[in-house]
1. Work out the FRET efficiency for Arg77 and Thr144 from their Cβ-Cβ distance, taking R0 = 30 Å, and round it to the nearest 0.05.
2. Beta carbons within 10 angstrom, averaged per residue: use that to sort the peptides 94-104, 275-285, highest first.
3. Would you please put 129-139, 297-307, 163-173 in order of how densely packed they are, using the mean number of other Cβ atoms within 10 angstrom per residue and starting with the highest?
4. Sum up the charges of everything whose Cβ sits under 15 Å from the Cβ of Thr144, counting Lys and Arg as +1 and Asp and Glu as -1, but leave Thr144 out.
5. As an exercise, use a Förster radius of 45 Å and the Cβ-Cβ distance of His20 and Ile374 to find the FRET efficiency, rounded to the nearest 0.05.
6. Please give the peptides 180-190, 366-376, 205-215 ranked by average Cβ packing (other Cβ atoms within 10 Å per residue), highest first, as a rough proxy for protection.
Amino acid sequence: MDGSDAGGADGILAGDRHEHYYYAGWRVVEQTDNAAPPRTLAQTTWGVTYIDEPLTRDRNSDPATDNGCLDAGGSQRYFYHEDANHRIIALSDESADVVERYEYSAYGEPRIYAGGDGESGERLFVSSVGNPYMHQSLRRDDETGLHENRMRVLNPRLGRFMQRDPLEYSDSLNLYEYVESGPFRFLDPMGLKLVVDQRALRIRKIFENILRELCSDARVDPRSGDVTIKPPDESSSPSPEPADDPVKGDDSQAATQPTSKPSSSAACAILRDLINSDTTVTVVGGWARGMRRSPASFDPKTNTLHWRGLGFAKKLDIDILGSKKKRKPTEWEVIWHELIHAQRAVMNRRSPNPAVEETDTIKAMNAIRCSKGIPKRDPSGHVDVP
């Protein structure tokens, strides 16, 4: 169904109704039926920063009331929310209520939940509001579970394309491989050639700056996202970064370029344990079940650190040790706290008791706080603000 010219139409047979899809370039902008006159079933608006960036979807829940403009009583508007990899993580309505939430396997097999807070949302097999855009905002076929990736079709369960690479061996020796088996690192909007998203580059730079707050020898590869660190005998004070920081806007202040800061040996040891471990820890942007309002969370079942991004640390209050006062944590405190959880997991030191695990992690983090000259956190007051 993809690939028609701007303003073109395509159609599929759905029972006794023929549906038409109208395209602007590669993107579906309108869906109608074969009534006389045709009734508009859905309209989608798209962003300009990426080819697969849906912004809103107007859905006609009652085609009988349609007047061709989707402004009658049966129309409903939904807003898309993406993560850094252009995966749709939520749909909200005009009242700002979450209608559906989405989680994904590494290669894009979705788990759909009805609205609510994400904890008690009902598990759905298909979208209850007819949303077809999910993994990397590609169009998903509900019946087969396959993603339409323009030149090819992606099977998220296999993590591979269903067709050979039309460009043959341009990207890989495996003609069916999807994004060099790095779905958190790359995008492939055309099904032809992987690309690195500019937002991912900015986020990786922000994450590198957070790591270098405590370990100045840490680096995040801008293309692959892999974290590396110099061996102890090669460590030295880093050179200042170039002045042309690609991070702009509200994020720029929190993501300022690191200068020659002293490294914490304890912090660098945490990174080395994670890098040298046989277990891969993945950092993913966006919300995940179980996070509630936490700015970051480590899932030991999948060895995944979910990070909502800059600004969410302000939603958390932490108790100061030896005082009745509270304070807001810094971004690096939030991330490094979860990295300690990850280190304890990969080193088989994680406690099965959540309260004990949290207390031990806070105590380990306090040693790092001491090296930075900021107030320690009270281990007995680790409950997040609801």
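Values quoted throughout were computed directly from the atomic coordinates according to the rules given, and no laboratory measurement underlies them. As the structure is a prediction and not an experimental result, all values here were calculated from the model. Reconstructed Cβ throughout: ideal geometry from the backbone, glycine too, with neighbour counts over all protein chains shown.
1. So the FRET efficiency works out to roughly 0.60.
2. Ranked from most to least packed, the peptides come out as 94-104, 275-285.
3. Result, highest mean Cβ count within 10 Å first: 129-139, 297-307, 163-173.
4. Neighbour charge sum, excluding Thr144 itself: 0.
5. Result of the calculation: an efficiency of 0.15.
6. Ranking, from highest mean packing down: 205-215, 180-190, 366-376.
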